[in-house]
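Just below is one structure, and these are the notes that go with it.
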Amino acid sequence: MTVDFFRPGHSFLHRFDPRAKLLLLLPLFSCFFLPGPVWLPAAYVGALALAIVVWLGPHELAAPLRAVAPILLLICLLTPPFHPHGRPLVRLLSLTLITSEGLEETILLFMRFTGITLASFMVFRTLDLNDFVLSLRWFGLPFSLCLVLIVTLRYIPSLGETWRNVRDAHKLRSGPSQPGKRSRPRGWMPLFTSILIEAIKGIPSLAMALESRGFGRKTLRTSYAVLPAANRFASDLAIVVAVSAVLIVPAFLLKA
């Protein structure tokens, strides 16, 4: 999550109270670790994918899946060999490649990792950074820790933009590229040196930003952004409780 990760909108998720939205992550995460049949996590993943498609759009579903695709591929390749017990499903001569236990464990890990990714994406894609920090303050997180968090989240995209600008500048100074080859900067040391210089130049701006936010002061602080009213939080919290019951109760009923 960075400052440019939030997508403005007017969907149900965008209007949801940010404090209740963070609390919603608890049942969304825990439901993937509850006992139950292997198809239940798959149903949870399908419900999360449907929620993203309905409230954010079908094109938003590809971004989180594409980001974790390498990890999902490793899960599919590396999990079956470490679970040799169970009924053999795929054999190569005398070597058992996939067993029923290995396949079940692979599906469970695949769905668990995908579900946690989709749940995090759905919440933080619709959560403004200011509301996120204000919610953490409302939950009792110290101001200094919240300030470090928000400065870090705002500084990451700035550092990425500096990297792209410096890289492009070095490419322009490297001369024309050969036909059929991409233009690359000559040597990584000059590139990192330029980025370090740009980072040092930004220290005064960062220091002034910390001072303007009252870092190190003991006086009372004000805020331009405010959280929604308490009655809205109460109504959205009731929805979180209902969703928690819908997600958690079936796992124990099916296990029994």
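The values are calculated or read from the model by the stated rules, or taken from the named source; none is laboratory data. Computed from a predicted structure; not experimentally measured. Cβ: placed from backbone, ideal geometry, glycine included. Neighbour counts: every protein chain shown.
For the stretch 57-107, a tally of residues being assigned to a strand (DSSP E or B) and either not hydrophobic (A, V, I, L, M, F, W, C) or not assigned by TED's automatic domain parsing to the domain that holds residue 31 (or both) returns 4. Within the stretch 119-136, can one find any residue that is surrounded by fewer than 19 Cβ atoms within 10 Å (Cβ to Cβ) and touching a helix residue (DSSP H, G or I) at 6+ places or on another chain (Cβ under 6 Å)? For the stretch 119-136, residues surrounded by fewer than 19 Cβ atoms within 10 Å (Cβ to Cβ) and touching a helix residue (DSSP H, G or I) at 6+ places or on another chain (Cβ under 6 Å): absent. Mind checking whether some residue in the stretch 108-120 is farther than 23 Å from residue 245 by Cβ, in the same structural domain as residue 237 (by TED's automatic domain parsing), out of contact with any Asp or Glu (no Cβ under 6 Å at 6 or more places or on another chain) and of a type in the set (Phe, Trp, Tyr)? Among the residues of the stretch 108-120, at least one is farther than 23 Å from residue 245 by Cβ, in the same structural domain as residue 237 (by TED's automatic domain parsing), out of contact with any Asp or Glu (no Cβ under 6 Å at 6 or more places or on another chain) and of a type in the set (Phe, Trp, Tyr), which makes the answer yes. Please note which helices (runs of 4 or more DSSP H) are completely contained in the stretch 163-256 and include at least 1 residues that are farther than 30 Å from residue 27 by Cβ and modelled with pLDDT of 80 or more. Because the criterion is at least 1 residues that are farther than 30 Å from residue 27 by Cβ and modelled with pLDDT of 80 or more, the helices (runs of 4 or more DSSP H) in the stretch 163-256 that meet it are 188-201, 203-212.
Give me the residue from the stretch 192-242 that is basic (Lys, Arg) and touching a residue at least 12 places away in the same chain (Cβ under 8 Å) and, out of that set, farthest from residue 159 (Cα to Cα). Here the residue is 232. For the stretch 14-27, the criterion of a residue being closer than 18 Å to residue 109 by Cα and either part of a helix (DSSP H, G or I) or not polar (S, T, N, Q) (or both) is satisfied by at least one position. The single condition from (1) surrounded by 14 or more Cβ atoms within 10 Å (Cβ to Cβ); (2) out of contact with any strand residue (DSSP E or B) (no Cβ under 8 Å at 6 or more places or on another chain); (3) on the phi > 0 side of the Ramachandran plot that residue 72 fails is (3).
Within the option set 116, 98, being hydrophobic (A, V, I, L, M, F, W, C), in contact with a helix residue (DSSP H, G or I) (Cβ under 9 Å, 6 or more places away or on another chain) and at pLDDT 90 or above holds for one residue only, 116. You will find that of 80, 64, 84, the residue that is under 30 Å from residue 228 (Cβ atoms), in contact with a Ser or Thr (Cβ under 7 Å, 6 or more places away or on another chain) and not hydrophobic (A, V, I, L, M, F, W, C) is 64 and no other. Of 137, 91, 125, all but one fail to be at pLDDT 90 or above and not aliphatic (A, V, I, L, M); the exception is 125.
Residue-level analysis places residue 89 outside the set of residues that are surrounded by fewer than 13 Cβ atoms within 10 Å (Cβ to Cβ) and more than 30 Å from residue 7 (Cβ to Cβ). In the stretch 45-70, the residues that are over 13 Å from residue 123 (Cβ atoms) and at pLDDT below 90 form Cβ pairs under 8 Å with partners that are of a type in the set (Val, Ile, Thr) and part of a helix (DSSP H, G or I), at six or more places apart or across chains, as follows: 67/117. Figure legend. Inter-residue proximity from the stretch 89-109: first residues closer than 13 Å to residue 78 by Cα, second residues of a type in the set (D, E, K, R) and in a strand (DSSP E or B), beta-carbon distance below 9 Å, spacing 6+ or different chains. Indicated pairs: 97/91; 98/91.
When each of 16, 5, 32 is tested for being surrounded by 13 or more Cβ atoms within 10 Å (Cβ to Cβ), under 18 Å from residue 124 (Cβ atoms) and at pLDDT below 90, the lone residue that passes is 5.
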